[in-house]
Structure formats: C-alpha cells, structure tokens
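A.B. asks: Dumping the structure here so I can ask a few things about it.
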Number of protein chains: 2
Amino acid sequence: MIEPYDDIYFMKKAIQEAQEALDRNEIPVGAIIVTQNRIIARGHNLTETLNDVTAHAEMQAITAGASFLGGKYLKDCTMYITLEPCQMCAGALYWSQISKIVFGASDSSRGYRNMGTQLHPKTEVVSGILENECAALMTEFFRRKRALN
Amino acid sequence: MIEPYDDIYFMKKAIQEAQEALDRNEIPVGAIIVTQNRIIARGHNLTETLNDVTAHAEMQAITAGASFLGGKYLKDCTMYITLEPCQMCAGALYWSQISKIVFGASDSSRGYRNMGTQLHPKTEVVSGILENECAALMTEFFRRKRALN
C-alpha cells in the first residue's frame, strides 16, 4: 500500500506557506503542524508585515495549533518547517513539548543547533527533507533583495 | 536632584503586572518596556488563560512595544522583567536588538543563562533588582497551587 502522507508530502505544504511569505517580500519560511495526518495549523513569516520580530512562521503555527487543540501542549503533533528554527522558535517548541519537528534547510548562523538552544527531551528531530527546495526559496529572496539595491 | 525614574521604580511597575498574572492563577511574571522614562508596553504571563505557550509576559510586551514604536527593533528601550527570561523570550529579545534588560529573580532551571541562550551583543543586562519581591510572587504562586492539591 502506498502511503501518500509522508514527510515529503507535508514539507511541500510548508513550502507553500514559505512561498506566501516570499510573495510578500518576507524572508520565506513556512511551517505547518500535523497530527494524525491532518494539518491543524499553518504559518508563514510575517515579521516585516506586522513589524514584529515574534511573528515567525513557527510561532504563529504554535499559537494556531494550540488554539485548534484547545490545549497548550502539542503532544502527538509534528511541525514541518522549511528552515531550521531559531532560538526563539526552538524555545517555544520546547515549551510546547511537541513530539517531532521536521525541517528542510539548515541555518548555520541563526539556527538553534549552533546557537545551543535546547529542545524538549521528548522531541524527535528530522532534518534535510526537501532541503534544496527550501534553501532555493531563501536564495531567491536574497537575490531579489540584492537586485533592488 | 532626585531621579524618580530608576530601575526600582520601573521594576515595581513590572511587579504590578506580575501581580495581575497571579490574580489570574498564572505563573506571576510581568514585563514592561521603557524608553526615555516612558512606559510604552506592558505584559503579564497569560499562558493558561490563552492556552498558548508563547503568551509569556515578555513576548506580549515585545509585540506591543514594536507596535507602539511602529518598527520592529527596540533600540533605546529597556525591558524590566520580574523573572529571568527563558530561551524563547531571550531569543525574541535577541531579534529585537533591545538596548537593555533588567530582571528581578533568577531562574536557575529554565532561565536563558543556564540554558545557554544568546542575547544580542548590543544588549546590556542588569539582574537582581527587587529580587526578593519578584521571587516572593513565585513562592506565593506555588504555595497556593500546593494548597489546592
């Protein structure tokens, strides 16, 4: 039997969110939260639009997911994110006790791993899913930005 | 000349916010943001009320302060917080490039220092202002909680 709902399927949905951010000239990061093969929350980076450093894709998805579930813990949930989370978002994921995070591109400068942020011990991590596609969005964003200057 | 607006004056305002949280049976943490001796944002922990792990006092104050200023960076601003920030809040403060943070009580288990979170290099830190008063609120919260069980 073919399993249509795999990490690649859901990462493509996160990439769609990142594309929404790119279309608004935002750094293109998208996130979705999935439980039992169902998407319960979506978010994309809106820091420029909202003038708010806390408006990362993950933060919005965490708030939306908890609202959907009616509880603040994201147990039995997986977040798909196009880019490795930053300290803030990893810190929020720590509090959420989310079961699993799956991210696409790595962020060697501001990502939580090199910054030394701790995830919850219960949280499983998978990285590199559709990494090239996720990174290509970031490259496109910075290419457009340079073209404007 | 007496300077009425010092760290103790503003920490008392943050403690008032923490008291608001305590009155709602929330972990009592309060935060305010000050620029040029003017309070431009206030927040208190609402994680239980809002079912949202991201609803820490600091996060709400950062969003409100940036909204007031019309820009996402909190330059020339000081945040007064009753408790040492966690990874998430320190990560958000990193992005905000805030000039200074002043906190009361330390948090040896979940505070950003022991967790290894990095603040922005431009951010000055002062700790221990009205530490006993800030810590007393936390003690009172956990005393009430134990009394209920």
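A.B. asks: Go ahead and set up a Gaussian network model of chain B, Cα springs under 10 Å, then flag whichever of B:Asn51, B:Asn25, B:Asn114 fluctuates most.
C.D. replies: Evaluated over chain B, the most mobile residue of the options is B:Asn51.
A.B. asks: Counting helices only, and only those DSSP H runs with n ≥ 4, report the 222 nm mean residue ellipticity of chain B as the sum of -39,500 (n - 2.57) divided by its residues, in deg cm²/dmol to the nearest 500.
C.D. replies: So the helix-based figure for chain B works out to -13500 deg cm²/dmol.
A.B. asks: Which distances, shortest first and in nm, link A:Ser67 to the matching position in the other copies, using label points set 7 Å out along Cα to C-beta?
C.D. replies: Relative to the other copies, A:Ser67 has label-point distances of 1.3 nm.
A.B. asks: Using Cα pairs closer than 8 Å and at least 6 residues apart in sequence, work out the relative contact order for segment A:7-141, in percent.
C.D. replies: 23 percent
A.B. asks: To continue, here is another question. Roughly how many Å² is the accessible area per residue of chain B, as a whole number, for a 1.4 Å probe?
C.D. replies: So chain B comes to 47 Å² accessible per residue, rounded to a whole number.
A.B. asks: Now, a different point. Note the full-extension length gain between B:Asn37 and B:Glu131 as 0.36 nm times their separation in residues minus their Cα-Cα distance, in nm to one decimal.
C.D. replies: The B:Asn37-B:Glu131 span can extend by a further 31.7 nm.
A.B. asks: Could I ask something else about it? Calculate one ³J(HN,Hα) per residue across segment B:126-140 by plugging θ = phi - 60° into the Karplus curve 6.51 cos²θ - 1.76 cosθ + 1.60, and present them in order as whole Hz with x for glycine and proline.
C.D. replies: Result, ordered by residue: 10, 10, x, 6, 6, 3, 5, 5, 5, 5, 4, 5, 5, 4, 5 Hz.
A.B. asks: Further question on the same structure: Over all residues in A:44-55, what is the mean tally of Cβ atoms on other chains that come within 10 Å of each residue's Cβ?
C.D. replies: Per residue, the average neighbour count from other chains is 5.
A.B. asks: Under the definition of partner shielding as Cβ atoms of other protein chains within 10 Å of a residue Cβ, what is the mean value for peptide B:116-124?
C.D. replies: 2
A.B. asks: Given segment A:6-149 reduced to its alpha-carbon atoms as identical point scatterers, what log10 I(q)/I(0) does the Debye formula return at q = 0.19 Å⁻¹?
C.D. replies: The Debye formula, applied to the Cα set alone, gives -1.08.
A.B. asks: Now for a different question. Using amide H atoms built in the peptide plane, which far-off residues or other-chain residues are under 5 Å from B:Lys100 H to H?
C.D. replies: Residues meeting the amide H criterion: B:Cys77, B:Met79, B:Glu124.
A.B. asks: How far apart, in nm, are the 7 Å Cα→Cβ label points at B:Leu50 and B:Arg113?
C.D. replies: If labels sit at B:Leu50 and B:Arg113, their model points lie 2.7 nm apart.
A.B. asks: Give, ordered by residue number, each residue of segment A:88-113 whose 1.4 Å probe accessible area is reduced by a minimum of 50 Å² on adding the remaining protein chains to the chain alone.
C.D. replies: SASA drop of 50 Å² or more in segment A:88-113: A:Met88, A:Tyr94, A:Trp95, A:Arg110.
A.B. asks: Continuing with the same structure: Give me the accessible area buried between chains B and A, both sides summed, with a 1.4 Å probe, in Å² rounded to the nearest 100.
C.D. replies: Buried: approximately 2500 Å² between A and B.
A.B. asks: Just to make sure I understand: if all protein chains stay in place, what is the order of A:Ser109, B:Ser99 by accessible area at 1.4 Å, largest first?
C.D. replies: A:Ser109, B:Ser99
A.B. asks: Hey, if we sort B:Leu50, A:Leu130 by accessible area with the 1.4 Å probe, largest down, what's the order?
C.D. replies: My answer, sorted largest first, is B:Leu50, A:Leu130.
A.B. asks: Let me ask something else. Take the cross-link list A:Lys72/B:Lys145; A:Lys13/B:Lys72; B:Lys75/B:Lys122; B:Lys13/B:Lys145; A:Lys13/A:Lys145 and give me the ones stretching past 21 Å between alpha-carbons.
C.D. replies: As for pairs spanning more than 21 Å Cα to Cα, those are A:Lys13/B:Lys72; B:Lys13/B:Lys145; A:Lys13/A:Lys145.
A.B. asks: Let me ask something else. Can you tell which of A:Met79, A:Thr49, A:Asn132 lies farthest toward the positive end of the dipole of segment A:7-141, using +1 and -1 charges on the Cβ of basic and acidic side chains (Lys, Arg; Asp, Glu)?
C.D. replies: Going by the charge dipole, the pick is A:Met79.
A.B. asks: Taking the Cα centroid of segment B:75-149 and of segment A:120-138, what is the distance between the two, rounded to the nearest whole Å?
C.D. replies: Taking the Cα centre of each part, segment B:75-149 and segment A:120-138 sit 30 Å apart.
A.B. asks: What share of all Cα pairs of the protein assembly as shown, in percent, falls into each consecutive 5 Å distance bin?
C.D. replies: 1, 6, 12, 16, 18, 16, 12, 9, 5, 3, 1, 1, 0, 0, 0, 0, 0
A.B. asks: Per-residue mean of other chain beta-carbon atoms within 10 angstrom of the beta-carbon, peptide A:56-66?
C.D. replies: 3
A.B. asks: Heavy atoms of the protein only, probe of 1.4 Å, neighbouring chains included. What is the accessible area of A:Trp95 in Å², nearest 10?
C.D. replies: Number for this one is 60 Å².
A.B. asks: Assign unit charges at the C-beta atoms only (+1 for Lys and Arg, -1 for Asp and Glu), then state the dipole size of chain A relative to its Cα centre in Debye, rounded to the nearest 20.
C.D. replies: The calculation lands at about 220 debye.
A.B. asks: Name the long-range amide H neighbours of A:Ile40: under 5 Å, sequence gap of 5 or more, or other chain; modelled H, no Pro or chain starts.
C.D. replies: It is A:Ile33, A:Val34, A:Thr35, by chain and number.
The values are calculated or read from the model by the stated rules, or taken from the named source; none is laboratory data. Keep in mind that what you see is a predicted model, and the values were worked out from it rather than measured. Heads up, the Cβs are rebuilt from the backbone with ideal geometry, glycines too, and the neighbour counts pull from every protein chain shown. Quick note on the areas: whole protein, heavy atoms, side chains included, nothing else; ligands and nucleic acids left out. Shrake-Rupley method; radii C 1.70, N 1.55, O 1.52, S 1.80 Å.
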